[in-house]
1. Is region 1-63 rounded, prolate or oblate when judged by the Cα gyration tensor, a ≥ b ≥ c being the square roots of its eigenvalues, rounded requiring a/c under 1.5 and prolate requiring a/b larger than b/c?
2. Assigning unit charges at the beta carbon (Lys, Arg +1; Asp, Glu -1) and nothing else, what dipole magnitude in debye, to the nearest 20, does the chain show about its Cα centre?
3. With springs connecting C-alpha atoms under 10 Å apart, model the chain as a Gaussian network and identify which of L192, L134, L149 has the largest mean-square fluctuation.
4. Connecting C-alpha atoms closer than 10 Å in a GNM of the chain, tell me which of Y40, Y21, Y111 has the biggest fluctuation.
5. Mind checking the log10 I(q)/I(0) for region 68-155 at q = 0.17, 0.20, 0.24 Å⁻¹? Debye, one equal scatterer per Cα, no solvent, two decimals.
6. What is the log10 of I(q)/I(0) for the chain, computed with the Debye formula using one identical point scatterer on each Cα and no solvent, at q = 0.16 Å⁻¹?
7. Tell me the Kirkwood hydrodynamic radius of region 127-168 in angstroms, computed as one over the mean inverse distance between distinct C-alpha pairs.
8. Which one, P201, N23, F13, is farthest towards the positive end of the dipole of the chain when Lys and Arg carry +1 and Asp and Glu -1 on their Cβ?
Amino acid sequence: MKAFVFPGQGAQFVGMGKDLYDNNPLAKELFEKANDILGYRITDIMFAGTDEELKQTKVTQPAVFLHSVISALCMGDAFDPKMAAGHSLGEFSALTAAGALSFEDGLKLVYARAMAMQKACEAQPSTMAAIIALPDEKVEEVCAEVSKLGKGVVVAANYNCPGQLVISGNVEAIEEACERLKAAGAKRALVLKVGGAFHSPLMQPAKDELQAAIEATEIKTPKCPVYQNVDAKPHTDPAEIKANLIAQLTSSVRWTQSVQNMIADGADDFTECGPGKALQGMIAKINKEVSAHGIE
């Protein structure tokens, strides 16, 4: 059974989407529509900007969303998902490609999300760290211990695949957790170059800001179940989808669990729509028996 998956922030690269724009009339039309909606030519930065320009929050998230959604829509009849999911930002791409959100509304929400997250990041020093080769339960245990020390909050944020869990929180709490996790046997505890503590309670201001935008946006029944980050379960009910989208910014990304549930429900062929191959690598580590590839 075919499943389509959509990557999150970090998958971007200069030149992304240019082939689509140059060779597919539908892609060109959608990219130009995006330029109009955003009020600046994001395509100029995507196709020929610098890495630094592409890393700007107001650019990164819409850029990954656009590449992902337009890639899927340009597949035509070949885009026929029986289920879909997206990693963090990618959930908005999955919902848009599956028809729950219109292209315009999906892009507007992603831009609003990016700006709200940027504001929350600037409000207090916070970061994330990748923890390699330690059981999830041990990471959760250490995060809970450190959060009680008064150095700030630290939580498990991204369950990417077995042996790879990203934690998120205040800088001092992250540093303390990394030391303890290395002592507990983690192969690596690497602080990431990110602007803030995504998918943690520190994103509450961004969640509050985005909630109004999500509540005001029409969400339709998608053409297939979308497995959402907050509970790793399939959803088609617009009210449930909306509630889960609102909760997403301060909740963990349960990617490992989402993929496991999709496989349990019959998925054996995963197509990654969007830049990079990060999700293909994660899926291979979650289950070696299934096929994971880009658009063919």
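The values are calculated or read from the model by the stated rules, or taken from the named source; none is laboratory data. The structure displayed is predicted, hence computed values, not measured ones. In this analysis, Cβ positions are derived from the backbone assuming ideal geometry, glycine residues included, and neighbour counts consider all displayed protein chains. All accessible areas refer to the heavy atoms of the entire protein, side chains included, with ligands and DNA or RNA removed. Shrake-Rupley method; radii C 1.70, N 1.55, O 1.52, S 1.80 Å.
1. Details: a/c = 1.61, a/b = 1.12, b/c = 1.44.
Oblate is the answer for region 1-63, as a/c is 1.5 or above yet b/c matches or exceeds a/b.
2. Numbers: 28 positive and 37 negative charges, 97 e Å.
With only Lys, Arg, Asp and Glu charged at Cβ, the dipole is about 460 debye.
3. L149
4. Y40
5. The calculated log intensity ratios at q = 0.17, 0.20, 0.24 Å⁻¹ are -0.88, -0.96, -1.11.
6. Summing over Cα pairs of the chain leads to -1.32.
7. Values: mean 1/r = 0.0978 Å⁻¹.
Evaluated on region 127-168, it is 10.2 Å.
8. P201
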